[in-house]
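Take a look at the structure below.
The values are calculated or read from the model by the stated rules, or taken from the named source; none is laboratory data. Just so it is clear, the structure is predicted and the values come from calculations on it, not from any experiment. Cβ placement follows ideal geometry from the backbone for every residue including glycine, while neighbour counts extend to all protein chains displayed. Surface accessibility is based on the protein's heavy atoms, side chains included, excluding ligands, DNA and RNA. Shrake-Rupley method; radii C 1.70, N 1.55, O 1.52, S 1.80 Å.
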Amino acid sequence: MTELEQKIEMVNLARSFYERGYSVGGAGNLSVRLDENRILVTPTGSSLGRLVVEKLSVVDMQGNWLAGDKPSKEYVFHLTLYQNNPQCNAVVHLHSTYLTALSCLQGLDPDNAIRAFTPYYVMRVGKLPVIPYYRPGDVNIARELGERALSGNAFLLANHGVVVTGTSLVDAVDNTEELEETAKLFFILKEQNIRYLTDAEVKDLENRGK
């Protein structure tokens with residue numbers, strides 16, 4: 001994929017998020033690795049529904065702003081994920097409705113906010129650790145994500161939203177969509193007697209993915 005094609009893909013996928021209500025206003029940001037030393041990032045304060053190819057930000061792996069409009073202030077935690085996980089090629093950060101609602105609940109398991117009850121959640125995400133609350137833009141979010149970068153591909157930011165990684169931007173988007181749907185089902189089923197997957201069933205799904 002050429003750099004221009006990658007930019008067009010980002011604009012189209014971001015618009016799709018916006019049009020389906022996964023993002024409102026200027027909330028949320030996306031990034032994707034262009035090459036070994038450059039990352040494409042959505043600009044600061046930009047709406048995911050109104051991105052412009054020519055204005056997308058480009059930064060290097062050291063955080064230097066190279067081209068386009070000023071990058072999102074949260075690009076720092078995107079970089080940390082790339083720097084600490086060689087398999088990470090894209091990052092999606094959203095304040096989507098159900099995952100953000102989940103992030104505001106007390107008593108979540110810090111190691112896994114959603115106990116597995118569908119095979120698709122296990123195959124796409126596996127588990128959802130919770131990052132403690134820090135104000136948006138706080139460097140501690142990057143520190144926490146950097147420490148956990150190799151432990152999975154999705155992280156719930158307490159009282160904030162979700163961060164999801166992927167081997168490509170499409171993969172990260174697919175992972176995010178499956179995770180938001182799982183959170184939606186979690187709230188729909190919350191007062192019901194849920195049949196959770198057993199440890200053996202989860203292990204079987206994990207092994208099939210290897």
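Residue-level analysis places GLU178 outside the set of residues that are part of a loop (DSSP other than H, G, I, E, B) and open to solvent by 20 Å² or more (accessible area, probe 1.4 Å). Scanning the range 189-210 for residues that are farther than 13 Å from TYR121 by Cα, aliphatic (A, V, I, L, M) and either surrounded by 10 or more Cβ atoms within 10 Å (Cβ to Cβ) or in contact (Cβ under 8 Å) with a residue 24 or more places away in the chain (or both) yields LEU189, ILE194.
No other residue among LEU66, LEU99, LEU79 is outside any loop (DSSP other than H, G, I, E, B), touching a Gly at 6+ places or on another chain (Cβ under 9 Å) and over 15 Å from GLU177 (Cα atoms) apart from LEU79. Residues considered: PHE117, PHE77. Of these, the only one that is under 27 Å from GLU206 (Cβ atoms), aromatic (Phe, Trp, Tyr), surrounded by 17 or more Cβ atoms within 10 Å (Cβ to Cβ) and touching a residue at least 24 places away in the same chain (Cβ under 8 Å) is PHE77. Taken over the range 97-114, the criterion of being free of Cβ contacts under 8 Å to residues at least 24 places away in the same chain and either buried (at least 16 other Cβ atoms within 10 Å of the Cβ) or under 23 Å from GLU206 (Cα atoms) (or both) is satisfied by ASP109, PRO110, ASP111, ASN112. From the list PRO132, PRO136, the lone residue that is at pLDDT below 95 and open to solvent by 50 Å² or more (accessible area, probe 1.4 Å) is PRO136. Of the candidates ALA154, ALA172, ALA183, the single residue that is closer than 20 Å to ARG20 by Cβ and in contact with a Gly (Cβ under 6 Å, 6 or more places away or on another chain) is ALA172. Residue pairs whose Cβ atoms lie under 6 Å apart, sitting 6 or more positions apart in sequence or on different chains, and linking a residue in the range 159-180 that is in contact (Cβ under 8 Å) with a residue 12 or more places away in the chain to a partner that is of a type in the set (Phe, Trp, Tyr) and open to solvent by less than 40 Å² (accessible area, probe 1.4 Å), are VAL163/PHE155.
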